[in-house]
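Novice: After the structure tokens below, expect a handful of questions from me.
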Amino acid sequence: MTAKINVPIDDRTLTRKTILLVEDDRDDEELTRRALRKSNIRNEVIVAHDGQEALDLLFGTPRFIDGEHDQLPAVVLLDLKLPKVNGIEVLRRIRTDARTRRLPVVVLSSSRLERDRDAVYDLGANSFITKPVDFEKFCEAVGQLGMYWVLLNELPPVHEAAKEVVNIAAT
């Protein structure tokens, strides 16, 4: 039996948190979006279709630091098998930069290889979820991770640290 949580979708403190989805497969992107909607998670989902685009969004533009959004995404949903820059390298870059070191990263991958799982945990991933083939199970998994990382999890003061790094760099 699955517990259903009613999300107060009018509460802007919940829905202003963004989700960065790093996914090259358009079908998996749409499935993830549908699964979040099915769980009544209405947060903005920003999609990067390859690893380089994800890095550009996080580090190459002011979008998350001091541009359109006043904070980093609430969570990064990261695929491993990406064009241009693979997911393991994206995670490595996230964890080595002071601005994003504490950013929650959930790896959503079709890989069932133990070495992939070990590698992402060694690099500091918060969670590793193997994408279920069954749509209902996928919806349930994505809905639960959305509920936890976007609605329940309290982020550390990563945003203040990120702003300090930007301010120091600007001087």
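Novice: Out of all the residues in region 121-140, which are in contact (Cβ under 8 Å) with a residue 40 or more places away in the chain and assigned to a helix (DSSP H, G or I)?
Specialist: Within region 121-140, 135, 138, 139, 140 meet the criteria.
Novice: Anything in region 100-120 that is in a loop (DSSP other than H, G, I, E, B) and more than 22 Å from residue 50 (Cβ to Cβ)? List them, or say none. Let's see the steps before the verdict.
Specialist: Our first condition is that a residue be in a loop (DSSP other than H, G, I, E, B); within region 100-120, this holds for 100-104, 110-113.
Of everything in region 100-120, those that are in a loop (DSSP other than H, G, I, E, B) and more than 22 Å from residue 50 (Cβ to Cβ) turn out to be 101, 102, 112.
Novice: Looking only at region 1-48, which residues are at pLDDT 85 or above, in contact with an Asp or Glu (Cβ under 8 Å, 6 or more places away or on another chain) and assigned to a loop (DSSP other than H, G, I, E, B)?
Specialist: 18, 23, 24, 25
Novice: For region 85-99, state whether one or more residues are in a loop (DSSP other than H, G, I, E, B), touching a residue at least 24 places away in the same chain (Cβ under 8 Å) and buried (at least 20 other Cβ atoms within 10 Å of the Cβ).
Specialist: Just the residues of region 85-99 that are in a loop (DSSP other than H, G, I, E, B), to begin with: 85-86, 97-99.
In the following step, the residues that additionally are touching a residue at least 24 places away in the same chain (Cβ under 8 Å) were identified as 85-86, 97-99.
The next check asks that each one be buried (at least 20 other Cβ atoms within 10 Å of the Cβ); those that pass are 99.
Yes, region 85-99 has at least one match.
Novice: Taking region 136-171 only, how many residues are of a type in the set (A, V, I, L, M) and at pLDDT 55 or above? Talk me through it step by step, then tell me what you get.
Specialist: First, pick out the residues of region 136-171 that are of a type in the set (A, V, I, L, M): 141-142, 145, 147, 150-152, 155, 158, 161-162, 165-166, 168-170.
Restricting the remaining residues to those that are at pLDDT 55 or above gives 141-142, 145, 147, 150-152, 155.
Selection size over region 136-171: 8.
Novice: Where residues in region 124-135 are under 16 Å from residue 77 (Cβ atoms) and at pLDDT 75 or above, which of them is surrounded by the most Cβ atoms within 10 Å (Cβ to Cβ)?
Specialist: Within region 124-135, the first condition is being under 16 Å from residue 77 (Cβ atoms), and the residues that meet it are 124-132.
After this cut, where a residue has to be at pLDDT 75 or above as well, the list is 124-131.
Details: 124: 15, 125: 22, 126: 18, 127: 16, 128: 19, 129: 15, 130: 15, 131: 18.
Within region 124-135, the match that is surrounded by the most Cβ atoms within 10 Å (Cβ to Cβ) is 125.
The values are calculated or read from the model by the stated rules, or taken from the named source; none is laboratory data. Predicted model only: the values in this text are computed from it and were never measured. Ideal geometry is used to build each Cβ from the backbone, glycine not excepted, and the neighbour counts take in all protein chains shown.
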